[in-house]
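The values are calculated or read from the model by the stated rules, or taken from the named source; none is laboratory data. Predicted model, so just to flag it, every value in this text is computed and none were measured. Please note: Cβ atoms are built from the backbone with ideal geometry, for glycine as well, and neighbour counts cover all protein chains shown.
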Amino acid sequence: MSASSDVALLSTIATLEAQERELVFSRFDNDDAWRLGCLLVELAKERNLPVTIDVRRGSQQLFHAALPGTAPDNDSWIERKARVVVRFGESSYLVGLRATAKGSTFASKHDLPLQEYAAHGGCFPVRVADVGVVGTVTVSGLAQADDHALVVEALRVFLA
């Protein structure tokens, strides 16, 4: 990588770390999951985005929507991204970019099966203050940075 791309990558990682410190819930229940999922659907429909949306608390799926233009493969991506967040406690995008910043890949750094884990943008931890990560919110269907950005936008609106 070039020096300018290294700087851009480190800047992106710092931004993602700041998002994770910022986007913390005071509580998270089934109603919150439903409202967050509906907000994501609303944002996606306004923009005609072909995404699948998933919200979970623990291993329980509390919200799922597949908008027009999606396919069953999006569900597979959601599962794989969510496993990364559950295992590492950080967004799937951040985990993937950290491996890249170290001159590696997620696969070689962690030796996890790619059929089960995807360190690509789009899954964000649902973190409750003084508790920790209690779930995940995931979008699949766009470029990884766009999947991540849509989740972050919805979380900011929701938590405001």
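Pick from A18, A107, A99, A44: which is small (G, A, S) and in contact with a Ser or Thr (Cβ under 8 Å, 6 or more places away or on another chain)? Write out each step before concluding.
Details: A18 fails: in contact with a Ser or Thr (Cβ under 8 Å, 6 or more places away or on another chain); A107 fails: in contact with a Ser or Thr (Cβ under 8 Å, 6 or more places away or on another chain); A44 fails: in contact with a Ser or Thr (Cβ under 8 Å, 6 or more places away or on another chain).
Matching residue, one of A18, A107, A99, A44: A99.
Which pairs turn up if I take residues in region 1-27 that are surrounded by fewer than 10 Cβ atoms within 10 Å (Cβ to Cβ) and look for partners that are modelled with pLDDT under 95 and of a type in the set (V, I, T) with beta carbon separation below 9 Å, at least 6 apart in sequence or on another chain?
Sorted first by the residue in region 1-27, then by its partner, the list stays empty.
Residues that are crowded, with 17+ Cβ neighbours inside 10 Å, among the small types (G, A, S) and without any contact (Cβ under 8 Å) to a residue 60 or more places away in the chain: find the strands (runs of 3 or more DSSP E) completely inside region 41-160 holding 1 or more of those.
Numbers: elements: 52-57, 60-66, 123-128, 132-140.
Once the strands (runs of 3 or more DSSP E) in region 41-160 are filtered for at least 1 residues that are crowded, with 17+ Cβ neighbours inside 10 Å, among the small types (G, A, S) and without any contact (Cβ under 8 Å) to a residue 60 or more places away in the chain, what remains is 60-66.
Looking at region 122-136 only, could you name the residues that are over 15 Å from L94 (Cα atoms) and aromatic (F, W, Y)?
Answer for region 122-136, where residues must be over 15 Å from L94 (Cα atoms) and aromatic (F, W, Y): there is none.
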